[in-house]
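Single-structure report; data block below.
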Amino acid sequence: MTPFDPAKQPKTYAPAPIEPQRQLEFLQLDESDVQRLRAMADDFEVWADDFVESFYRHLFAFDETAKFLQAPQTVERLKRSQREHLKSMLEAEWNADYYRQRRQVGHAHAEVGIDPQYFLGAFNQYVQYSLEKLAAKHADDVAAYKDQAAALLKAVFLDISLTLDAYFAQSTRNLRKALDMFWRANAELRQFAQLTSHDLKTPLATVANLCDEALDEFGDEMPAPARELVAAAKDRTFRMSRMIDELLASSLPQENETELDEISSQEALDQALETTGPLLAQSGVEVKVAQPLPKVRGNKVRLREAFAHLLSNAAKFIDRRPGRLSVEWLPGDGHCVIMFIDNGPGVPPEERERIFAPFRRLSQHRDRPGSGLGLYFAKNLITQQGGRIWVESTPGEGSRFCVQLAAAAATA
């Protein structure tokens, strides 16, 4: 196995921030703008509290921002901070402290996970509010209004540029750290899978050898049905060993793997049914394949495993007896949709996306055995083949799990 080498992994880059003086020159912020901004500071003191309160009412109206404002003490602290932030912008003291404070805001937003659109929205609200106040004050002096508005917009753009510089710098560091963790974990996972596959295959080889010895030593003395059972056990052992090899190759693809093959989805389903058949029988679920499934473009191992997860899901959660599962398909424009239609309890509308998340289970199923990963794995396996999976359902009447894959040339 090739050792992990961070130097060979993809790198992310962030542009160096513009020097402070160059930013001022680029935005054409000069001494006349400083005087105009400071002249606005007294007016700001009059209406600052009103603006801040109206802005936070706006934030609470959206779930995306309201989720960050659960604690009343936090809200009051943020209101005070925003008031001071806007006040210092009008003071126009563009020194090292000013730049440091703006960049701290960007760092904090990146760390907490607040997208730039939300603090840009704050500036949008502030600019609209301020321009309305300036228009009222300079209703009879268009030139004065224009100068004041231009100075304010320049200061706002400076503030935004400093905040975004820090935001993207911090986000880039977070991304680089995540990528480093990903590459290391991928290398460790590959090594673990290879070692585990060896540990699994060794006892299988032992079982196969014991079957051979039994047939060689005692085959003539065994009843014919006994010989057939031993031979079947040997065959099943070899098939299990091949399956481990296939799963290893499929779960740890090469970096440049992009090609999909034309494969029989019917063969993938047959193999998945062979694996899950005992579980389906034990659960009393009858499976009917309405018509032979088509050829598609995909990966035979991943498709088989995805089908196996869908079949296991049906065996676990169809609560009617007899349980029924029908597998059907429909052609599309360059694709096929394979459907697993059951008579189970159904999925509520609000849960139809969530059930594909890891460890997500419906509340009525939490007392049943299982990891909550089956549908998550199925979705990942289908997505890796360029397909998609979703569920259509009527609670109380059953569900239709739909798998869309690119059609093979002969099917399209």
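The values are calculated or read from the model by the stated rules, or taken from the named source; none is laboratory data. The structure displayed is predicted, hence computed values, not measured ones. Heads up, the Cβs are rebuilt from the backbone with ideal geometry, glycines too, and the neighbour counts pull from every protein chain shown. Side chains are part of the model used for accessible areas, which takes the heavy atoms of the whole protein and leaves out ligands, DNA and RNA. Shrake-Rupley method; radii C 1.70, N 1.55, O 1.52, S 1.80 Å.
At a glance:
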{"read-out": "Matching entry among 400, 366, 352 (being basic (Lys, Arg) and either modelled with pLDDT of 85 or more or surrounded by 19 or more Cβ atoms within 10 Å (Cβ to Cβ) (or both))", "value": "400"}
{"read-out": "Test result for residue 65, buried (at least 17 other Cβ atoms within 10 Å of the Cβ) and under 38 Å from the mean Cα position of the chain (by Cα)", "value": "yes"}
{"read-out": "Condition broken by residue 70, with the remaining ones in (1) within 24 Å of residue 34 (Cβ to Cβ); (2) of a type in the set (S, T, N, Q); (3) open to solvent by 60 Å² or more (accessible area, probe 1.4 Å) satisfied", "value": "(1)"}
{"read-out": "Filtered residues of the stretch 140-153 (kept if open to solvent by 70 Å² or more (accessible area, probe 1.4 Å) and either touching a residue at least 12 places away in the same chain (Cβ under 8 Å) or of a type in the set (A, V, I, L, M, F, W, C) (or both))", "value": "142"}
{"read-out": "Candidates 100, 83 - the one that is free of Cβ contacts under 8 Å to residues at least 40 places away in the same chain, of a type in the set (Lys, Arg) and closer than 18 Å to residue 158 by Cβ", "value": "100"}
{"read-out": "Residue 175 vs. criteria surrounded by 15 or more Cβ atoms within 10 Å (Cβ to Cβ), in contact (Cβ under 8 Å) with a residue 60 or more places away in the chain and among the hydrophobic types (A, V, I, L, M, F, W, C)", "value": "no"}
{"read-out": "Leading residue by the ranking (modelled with the lowest pLDDT) among those in the stretch 369-395 that are assigned to a loop (DSSP other than H, G, I, E, B) and under 24 Å from residue 296 (Cβ atoms)", "value": "384"}
{"read-out": "Pair list, Cβ under 8 Å, 6 or more apart: the stretch 216-237 residue open to solvent by 80 Å² or more (accessible area, probe 1.4 Å), other residue hydrophobic (A, V, I, L, M, F, W, C)", "value": "227/215"}
{"read-out": "Identity of the residue in the stretch 154-169, open to solvent by less than 30 Å² (accessible area, probe 1.4 Å) and not hydrophobic (A, V, I, L, M, F, W, C), that ends up farthest from residue 85 (Cα to Cα)", "value": "167"}
{"read-out": "Residues that are open to solvent by 90 Å² or more (accessible area, probe 1.4 Å) and in a helix (DSSP H, G or I), drawn from the stretch 22-42", "value": "22, 25, 26, 31, 35, 38, 42"}
{"read-out": "Every residue from the stretch 93-104 that is within 33 Å of the chain's Cα centre (by Cα) and surrounded by fewer than 18 Cβ atoms within 10 Å (Cβ to Cβ)", "value": "101, 104"}
{"read-out": "Single match in 110, 135 (criterion: open to solvent by less than 40 Å² (accessible area, probe 1.4 Å) and either aliphatic (A, V, I, L, M) or in contact with a His (Cβ under 7 Å, 6 or more places away or on another chain) (or both))", "value": "110"}
